[in-house]
1. If you scan segment A:118-165, which residues turn out to be more than 8 Å from chain B (Cβ to nearest Cβ), buried (at least 16 other Cβ atoms within 10 Å of the Cβ) and more than 18 Å from A:T59 (Cβ to Cβ)?
2. Would you point out the residue of segment A:71-95, among those that are touching a residue at least 60 places away in the same chain (Cβ under 8 Å) and touching an Asp or Glu at 6+ places or on another chain (Cβ under 6 Å), that is farthest from A:A30 (Cα to Cα)?
3. Return yes when A:L96 is touching a strand residue (DSSP E or B) at 6+ places or on another chain (Cβ under 6 Å), modelled with pLDDT under 95 and at negative phi and no when it is not.
4. Identify the residue in segment B:63-83 that is of a type in the set (A, V, I, L, M) and in contact (Cβ under 8 Å) with a residue 40 or more places away in the chain and, among all such residues, is farthest from the other protein chains (Cβ to nearest Cβ).
5. Scan segment A:61-70 and give yes if some residue there is more than 24 Å from A:P147 (Cβ to Cβ), surrounded by 16 or more Cβ atoms within 10 Å (Cβ to Cβ) and touching a residue at least 12 places away in the same chain (Cβ under 8 Å), otherwise no.
6. Looking only at residues that are under 26 Å from A:T102 (Cβ atoms) and among the polar types (S, T, N, Q) in segment A:4-44, which one is surrounded by the fewest Cβ atoms within 10 Å (Cβ to Cβ)?
7. Considering only segment B:109-148, state which residues are acidic (D, E) and assigned to a loop (DSSP other than H, G, I, E, B).
8. I'd like the full set of residues that are of a type in the set (K, R) and either more than 19 Å from B:Y128 (Cβ to Cβ) or loosely packed, with under 14 Cβ neighbours inside 10 Å (or both), limited to segment B:38-86.
Amino acid sequence: MEESLTLKKLRERFPASIIDTHSFRGDDTAVVKRVDVVDICRFLKESPDLSYNFLMDLTAVDYLQMNNPPKTERFEVVYHLYSIKYNHRVRIKAPLTEADPTIDSLTPLWAVANWLERECWDMFGIRFDGHPDLKRILLYEQFEGHPLRKDYPLTGRQPLIGPKN
Amino acid sequence: MAIESALGESVVLTRTDKVLGWARKYSLFLYPFVTACCGMEYMATAASHYDIDRFGAGLPRFSPRQADVLFVVGTISHKQAPILKRVWEQMCEPKWVVAFGGCTCSGGPYDNYATVQGIDTIVPVDVYIPGCPPRPETVLDGIMKLQEKIQNQKQEL
């Protein structure tokens, strides 16, 4: 199958940073190195023939104990970009290690990344370098840990008042 | 001749407790503490089809200081719990609390890190209305149970 324009352009422009790409029923995905994620997103946003001007979603996945297929990095940060002009989408994934779950912030490119990255920090404990105000957004300040990590207990309640039932 | 027949129907003899209970149970001012989807069912109960006003509970007050029944409608998270407690503390006596829906009764389907497992761990509850969400008939039944409780309790002045 012929590779889509987006993935072809990405490979041409960033041959060293693209770890893997695949397309499934018109959905393009590129797995990239975390150090280049801002450059790649800026390229996708500002290239006139790609024009991915809308950050639809920013989230993460915890692959702890994921053995099939085995993962070497525990986390993956996932970006979904959309072009209003061309009506096409791309998914960018950046693997992060457990020892250093840190990636550059996309706030210089999209203002919406501010809250999405705060949620990602809140739930997964992924740090975003260059974020103007990286603090919890949904949970309270006194909360310890990051509840969407797979090693956080499902019923790990941390009540502000009342019993820990 | 007994005094009752002399007075006829112009006088009603009763007890203070009973008449206060009667007055209180038919003038319930609800504070709807609505956090989730149960709110839709509360609205259905309050609207004309089921008409909560038939039970004297038709005027929700959006200030806890003017309300006497705290209607907790919807899931309460641990982040929300101190706010609920504070609203309850701001209400004047006499006051009652109704747990509306499965989440407020027991946490409902949410046995996770975020959800309070029943609001009775935070505030004292008088009537539990189960259901996910409860039908308006169930809510009206709950209000009638609350009225019964108010009528039969000792009336503090």
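The values are calculated or read from the model by the stated rules, or taken from the named source; none is laboratory data. Only a predicted model underlies this, so the values are computations on that prediction, with no experimental measurement involved. All Cβ positions, glycine included, derive from the backbone under ideal geometry; neighbour counts span all protein chains shown.
1. Across segment A:118-165, the qualifying residue is only A:F143.
2. A:P95
3. yes
4. This residue is B:V69.
5. no
6. Top of the filtered list is A:T29.
7. The answer is B:D111, B:D126.
8. B:R54, B:R61, B:R65, B:K79, B:R86
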